[in-house]
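The values are calculated or read from the model by the stated rules, or taken from the named source; none is laboratory data. Since the model is a prediction, treat every value here as computed from it, not as a measurement. Positions of Cβ are generated from backbone atoms using ideal geometry, with glycine treated the same way; all protein chains shown enter the neighbour counts. Areas reflect the complete protein model, heavy atoms only, side chains present, ligands, DNA and RNA absent. Shrake-Rupley method; radii C 1.70, N 1.55, O 1.52, S 1.80 Å.
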Amino acid sequence: EAGVTQFPSHSVIEKGQTVTLRCDPISGHDNLYWYRRVMGKEIKFLLHFVKESKQDESGMPNNRFLAERTGGTYSTLKVQPAELEDSGVYFCASSPQLGVNTEAFFGQGTRLTVV
Amino acid sequence: GDSVTQMEGPVTLSEEAFLTINCTYTATGYPSLFWYVQYPGEGLQLLLKATKADDKGSNKGFEATYRKETTSFHLEKGSVQVSDSAVYFCALTSVGTGFQKLVFGTGTRLLVSP
């Protein structure tokens with residue numbers, strides 16, 4: 001069974017440009033999460049989808065970030081326009097259900113560098 | 001709000017040395033506790049977990065015990081190998097968020113030399 005896959009693995013863009021990150025969760029997982037790690041700091045929650053609906057987007061930094069999950073399958077995270085402080089590693093995770101024993105399965109991450 | 005504090009790295013050890021990485025937490029109610037590991041060039045992987053007080057999670061020779069009285073979940077391994085070199089993240093989910101999102105510590109890099 002394929003794991004969580006993320007594209008691209010690396011992206012280098014100039015300040016002001018637009019970048020779109022993609023996440024393909026494990027098939028059948030209704031829950032999809034985006035997280036971000038900035039420069040050696042903690043990994044921070046960005047948002048949570050249940051199927052195609054945004055369950056919690058309290059971690060989204062500002063309105064330059066837009067996440068979608070059309071059809072409840074893959075998800076995209078667009079940053080427009082990108083700023084220097086957006087550099088970091090963006091992780092996607094998925095899980096089949098919620099609860100005390102829930103395990104989230106993570107992708108390899110997309111390393112975004114804004115120059 | 002919920003938070004996780006773990007020791008600064010890097011932790012540098014020789015092969016076969018004993019490892020402890022400290023982790024303490026603040027959370028609503030009784031959180032579930034996790035250790036995730038990121039090996040070089042790979043994604044985050046769940047290493048072990050514990051969901052109630054005094055539970056011990058274990059995997060690949062690593063252990064951590066859920067200590068409610070000290071709000072801690074320290075990671076230990078009796079004899080580390082070079083292949084254990086990675087970044088280790090302590091994390092929790094709590095009833096405050098319906099166990100819906102992970103709160104992570106800053107990560108601790110472990111370097112094991114032959």
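The single condition among (1) at pLDDT below 95; (2) surrounded by 21 or more Cβ atoms within 10 Å (Cβ to Cβ) that B:Trp35 does not meet is (1). Looking only at residues that are aliphatic (A, V, I, L, M) and closer than 19 Å to A:Arg69 by Cβ in the range A:1-27, which one is nearest to the other protein chains (Cβ to nearest Cβ)? Result: A:Val4.
Within the range A:16-29, the residues that satisfy the criterion of being surrounded by 13 or more Cβ atoms within 10 Å (Cβ to Cβ) and either at pLDDT 95 or above or touching a Gly at 6+ places or on another chain (Cβ under 7 Å) (or both) are A:Gln17, A:Val19, A:Thr20, A:Leu21, A:Arg22, A:Cys23, A:Asp24, A:Pro25, A:Ile26. From the list B:Gly1, B:Gly96, B:Gly29, B:Gly43, the one residue that fits, being crowded, with 18+ Cβ neighbours inside 10 Å and at pLDDT below 95, is B:Gly43. Out of A:Gln55, A:Gln97, A:Gln108, one residue alone is open to solvent by 60 Å² or more (accessible area, probe 1.4 Å), closer than 20 Å to B:Thr93 by Cβ and within 9 Å of another protein chain (Cβ to nearest Cβ). It is A:Gln55. Pairing each residue of the range A:46-62 that is in contact (Cβ under 8 Å) with a residue 12 or more places away in the chain with any residue that is outside any strand (DSSP E or B) and acidic (Asp, Glu), provided the two are 6+ apart or on different chains, yields C-beta distances under 7 Å for A:Leu47/A:Glu57; A:Val50/A:Asp30; A:Lys51/A:Asp30.
Condition first: outside any strand (DSSP E or B) and of a type in the set (A, V, I, L, M). Can you find one or more residues in the range B:48-55 that meet it?
Start the filter on the range B:48-55 by keeping residues that are outside any strand (DSSP E or B), which leaves B:51-55.
Narrowing the set further to residues that are of a type in the set (A, V, I, L, M) leaves B:53.
Scanning the range B:48-55, I find at least one residue that is outside any strand (DSSP E or B) and of a type in the set (A, V, I, L, M), so the answer is yes.
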